[in-house]
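The values are calculated or read from the model by the stated rules, or taken from the named source; none is laboratory data. None of the values given here were measured: they were computed from a predicted structure. Note: ideal-geometry Cβ built from the backbone for every residue, glycine included; neighbour counts use all protein chains shown. Areas reflect the complete protein model, heavy atoms only, side chains present, ligands, DNA and RNA absent. Shrake-Rupley method; radii C 1.70, N 1.55, O 1.52, S 1.80 Å.
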Amino acid sequence: EGRPHERRRDERRRPMISARERVFNHALLVLFAVIALFPMVGVVTQALELPGSLNVGNFADAWREGHFGRYMLNSVVVTGTTVVVATVLSILAGYALGGIGFRGAGVVFLLFLAGLTIPTETIVIPLYFDLRSAGLDNTYAGVILPQIAQSVAFGTFWMRAYFRSVPHSLVEAARMDGASSWTTLWRILVPMGRPAILTMVVLTAMWTWNEFLLPLVVLNSAESLRTAPLGLSFFQGAHMTDYALLMSGALIIALPIVVLYVFLQRHFIAGMLSGAIKE
């Protein structure tokens, strides 16, 4: 614990927030919360056919008629595989670029950054012909591999920032104790970086689950391999005027990501703030 005069000095350094500023901040947060939740309230209201009645059977009808069981299983396979592989590769690449360093690391990092600047829309057509020539169109691999590449570009950028924020003295202490780079990474740095890693996992899972254009192009004739967003699009075309079923299907598709975020929200927020303070 610090000395009394040091504690008083730290307290004096903290910014004082007046009651008016506190009320304004809370009012602003409430306003943004209402703006964010208003569309969701509208979706739930239409799905349940409120306020006239309460019809939860729309969810069962949407699940059955939209074949969402199969489509969500496909999305779980695609998202799970993408997240696991991309996370491992991002940790390794981020550690090599931010924790170890080597000659030409800056150039390699710029190549990863280039992957973040290229939108999917600009490469999806030539990518499809490449996948078709390799026999990967209308397959899981044709959807998973490009999304792994896209996710690794962001994941490497994210993990490099984390490894660069780790105190160098910690790594040096591990090496003095005889730990190899591999041991230092998996036994020390990865457990310490759990918030940052889980944040990356949530973001990657969300982007992969919601991806629409790539499955639409690659899975053009494989109905049984359609992902959940793609299945929802075809379901919308078949039930264009039945808003209750459409909203029920949309909620079914959104539910897994919402649940994932609810369970990992503390780690997500901690990971987002982990780079705000650096020793």
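With a length cut of 30 Å (Cα positions projected on each helix's long axis) and a Kyte-Doolittle mean of at least 1.0, go through the chain and give me the DSSP H helices that pass.
On the way: long enough: 19-48 (41 Å, 1.42); 68-95 (39 Å, 1.34); 140-165 (37 Å, 0.56); 243-273 (39 Å, 1.83).
Flagged H segments are 19-48, 68-95, 243-273.
Of the peptides 124-131, 84-91, how do they stack up when ordered by the mean number of other Cβ atoms within 10 Å, highest first?
On the way: 124-131: 14.4, 84-91: 19.4.
Most protected by this proxy first, the peptides run 84-91, 124-131.
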Mean-square fluctuation check for the chain, GNM, Cα pairs under 10 Å: which of Arg103, Arg160, Arg20 is largest?
Arg20
Choose one answer from Gly101, Gly178, Gly115: the residue with the largest mean-square fluctuation in a GNM of the chain with alpha-carbon springs under 10 Å.
Gly178
Shape of the stretch 23-180, Cα gyration tensor, a/c cut at 1.5:
oblate
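State to the nearest 20 debye the size of the charge dipole of the chain about its Cα centre, where the only charges are +1 on K and R beta carbons and -1 on D and E beta carbons.
Details: 21 positive and 17 negative charges, 277 e Å.
My answer is approximately 1320 debye.
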Where is the GNM fluctuation largest for the chain (alpha-carbon springs, 10 angstrom cutoff): Trp158, Trp207, Trp186?
Trp186
Taking every Cα atom in the stretch 69-110, find the radius of gyration and the maximum pairwise distance Dmax, and write them in Å.
15.5, 49
Charges on Cβ only, +1 for Lys and Arg, -1 for Asp and Glu, centred on the Cα centroid of the stretch 149-258; of Phe157, Thr184, Thr199, which one is farthest towards the dipole's positive end?
Thr184
Taking the Cα centre of the stretch 43-194 as origin and charging only Cβ (+1 Lys, Arg; -1 Asp, Glu), how large is the dipole, in debye to the nearest 20?
560 debye
Just order 169-177, 54-62, 74-82 by mean Cβ neighbour count inside 10 Å, highest at the front, would you?
74-82, 54-62, 169-177
Given points 7 Å out from each Cα along the Cα-Cβ axis, report the Val258 to Glu65 separation in nanometres with one decimal.
2.1 nm
Percent accessible area from carbon and sulfur atoms, the chain, protein chains only, probe 1.4 Å:
66 percent
Based on the alpha-carbon gyration tensor of the chain and its eigenvalue square roots a ≥ b ≥ c, which shape applies: rounded if a/c is under 1.5, prolate if not and a/b is larger than b/c, or oblate?
oblate
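Quote the charge dipole size of the stretch 133-216 about the Cα centre in Debye, to the nearest 20; the model charges only the Cβ of Lys and Arg (+1) and of Asp and Glu (-1). Don't skip to the end; give the middle numbers.
Numbers: 5 positive and 4 negative charges, 56 e Å.
The calculation lands at about 260 debye.
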